[in-house]
1. At each listed q (0.08, 0.09, 0.18, 0.19 Å⁻¹), what is the log10 of I(q)/I(0) that the Debye formula gives for segment 246-437 modelled as equal alpha-carbon point scatterers?
2. Grab the other residues whose beta carbon is less than 15 angstrom from that of G219, score K and R as +1, D and E as -1, and report the net.
3. Hey, can you grab everything whose amide H is under 5 Å from the amide H of D255? Only 5+ residues off in sequence or another chain; H modelled, so Pro and N-termini drop out.
4. Per residue of segment 368-378, what does 6.51 cos²θ - 1.76 cosθ + 1.60 with θ = phi - 60° give for ³J(HN,Hα)? Whole Hz please, x for Gly and Pro, Karplus curve as stated.
5. If you build the convex hull over the alpha carbons only and average its shadow over all orientations, what do you get for the chain? Give it in nm² to one decimal.
6. Residue-wise, which Karplus ³J(HN,Hα) couplings in Hz belong to segment 136-142, taking 6.51 cos²θ - 1.76 cosθ + 1.60, θ = phi - 60°, and x for glycine or proline?
7. Tell me the mean residue ellipticity at 222 nm calculated for the chain from its helices only (DSSP H runs of n ≥ 4, each -39500 (n - 2.57), averaged over every residue, nearest 500).
8. Once amide H atoms are placed 1.01 Å from N in the peptide plane, what residues at a sequence separation of 5 or more from R280, or on another chain, have their amide H within under 5 Å of its amide H?
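The values are calculated or read from the model by the stated rules, or taken from the named source; none is laboratory data. Quantities reported herein were computed from a predicted structural model and do not represent experimental measurements. Reconstructed Cβ throughout: ideal geometry from the backbone, glycine too, with neighbour counts over all protein chains shown. The protein model used for the area step is the full one, side chains on, heavy atoms only, and it has no ligands, DNA or RNA in it. Shrake-Rupley method; radii C 1.70, N 1.55, O 1.52, S 1.80 Å.
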Amino acid sequence: MARSKTTKQSTVLESYNPATGEPLGSVPVTSPDEVAESLALARRAQRRWASLSPGERGARLKEFSKILLREADDVCARISAENGKTRQEALITEVLPTVDLINYYGKRADKFLKPKKIPLHLFKHRGSYIHYVPRGVVGIIAPWNFPFAIPIGETICALIAGNAVVLKPSEMTPLIAAYARSAMIRSGLPADLFQIIQGGPEVGKALVEAEPDMICFTGSVNGGRKVAEACGARLIPCVTELGGKAPAIICPDADMERTVSALAWGGFANSGQVCASVERVYAPASIHDDLVNRLVKKVRELRQGDPSSFDTDVGAICLPQQMDVVQELIDDAVANGAVVECGGNADSRSLGYFFEPTVLSNVNQNMRVAREEIFGPVIPIIKVDDVETALEYANDSHLGLTAYVFTRDRRKGRALAEKVEAGTVMVNDVMSTYGMPETPWHGIKNSGIGFVHSEDGLRGMCQMRHVHYERIPGIRRELWWYPYSRKTYQGIMKLMRVAFSKRSL
Ligand code: NAD
């Protein structure tokens with residue numbers, strides 16, 4: 001199981017296939033001077049790009065989407081090889097959502113970014129509107145678990161909003177980002193508009209220090225905290241999309257078949273390396289045993305192995321260190337009384353990094369596996385007395401990215417969803433809304449600051465500027481300007497009383 005992914009070499013970053021250990025290629029590591037140079041080139045290219053309308057920019061990116069459609073099979077194979085996810089996951093969670101996002105925003109960019117009138121309720125003789133101006137250069141720092149959909153999706157949004165982009169992909173997955181840039185250049189986009197810098201955290205740090213006009217960071221809570229601090233010191237606006245510990249609350253009336261299928265996919269897709277993975281399941285005692293039995297049966301049917309095969313359900317672990325993290329959390333749980341219902345170990349038959357899909361029962365809320373982000377193929381199940389206790393435990397976390405509620409009662413499902421402390425709560429579904437660009441994606445608590453996607457996510461890639469103007473010409477003086485006098489004072493007092501008297505409210 002030997003695979004070494006080099007991140008510390010001074011000049012070259014090598015990429016390996018996590019399923020086989022085979023080398024895939026290498027890229028030069030970007031030096032701090034080159035980071036500053038990339039930013040300067042991007043800044044220059046952005047000026048011309050910003051002179052196009054949002055719709056024109058969307059139309060230019062449509063050409064990139066056409067290339068992706070043509071080369072989709074090859075793109076899926078590249079993602080699968082470098083990241084370890086299955087071919088089908090590469091298609092449904094990376095390529096398809098990116099193509100959809102380009103088309104979604106491309107068609108609507110003019111509408112979303114058109115100036116917005118603000119009706120003034122009191123000062124009727126004046127007018128106000130907001131207009132959206134590209135920020136300039138957006139720095140994107142990305143993780144390895146979705147090496148295409150996350151950095152390229154954010155790049156598309158930043159570009160459609162009129163910015164240039166400097167992207168630092170994860171040091172674990174440098175090649176797929178490089179492919180995306182070359183495809184964008186082939187599609188006719190100016191080469192300098194989208195820059196890629198390669199390397200580890202030190203290159204990410206250099207990007208922030210080069211002072212782009214905005215940073216979008218996706219990654220761990222620790223990394224996000226450091227980046228947010230560095231941005232704060234420079235007053236650079238920053239969005240942080242960080243870790244998750246998604247709870248699934250199963251109500252006794254849940255449709256068990258759908259619930260179990262959703263939990264299996266939510267726990268093991270991308271080998272559990274998803275910020276929105278199902279990381280803890282709360283099952284009331286009345287359904288607990290049935291749920292465990294059904295889930296274990298389903299999980300035993302999953303086929304783990306070669307991610308490039310169309311018939312594989314569960315692929316490889318991308319980050320080697322995750323193998324130890326996952327094993328440590330399982331061992332700690334077992335030492336404290338948890339029961340391994342299936343899985344529980346690294347798959348030693350393979351040359352690459354594979355961890356068996358694992359279901360743990362008899363887990364309690366205080367175990368590390370119930371509190372820390374696992375980021376691997378493990379579903380811990382916690383038996384609770386009732387749904388109220390499940391809700392209390394679900395909210396007992398420092399993270400709040402996504403959460404899931406399962407019930408046949410749609411009204412109850414929504415009411416319960418509103419009480420869960422998470423940026424997104426899905427009823428009878430898991431993980432899917434990242435692939436719906438009209439919905440916002442964001443964490444609360446330590447899961448992050450700000451958001452991506454949705455109309456407002458696109459606007460967030462712009463400066464929001466306010467213009468205030470006169471609607472009625474010829475008024476020589478506003479009432480509150482100099483000179484002050486008793487008469488004006490009394491006049492304003494009278495107006496205030498009329499405006500805010502009970503009747504006028
Ligand atoms: P990470 O924090 O180790 O690294 C993320 C990126 O930040 C990498 O490119 C890394 O080189 C860079 N980086 C790290 N420290 C930095 C620093 N101090 N300054 C500048 N750049 C720095 O995270 P990871 O292991 O790549 O990703 C896994 C984590 O990402 C998990 O916690 C997962 O939940 C989270 N994640 C969150 C979302 C979301 O949308 N909320 C999506 C995907 C992944």
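1. Debye intensities relative to I(0), on a log10 scale: -0.23, -0.29, -1.20, -1.34.
2. Residues close to G219 contribute a combined charge of -2.
3. The answer is T407, R408.
4. Result, ordered by residue: 4, 5, 8, 10, 9, 5, 7, 6, x, x, 9 Hz.
5. Averaged projected area of the chain's Cα convex hull equals 28.8 nm².
6. x, 10, 9, x, 10, 10, 10
7. Numbers: 16 runs with 208 residues, N = 505.
That calculation yields -13000 deg cm²/dmol at 222 nm.
8. When sequence neighbours closer than 5 places are left aside, the close amide H contacts are A248.
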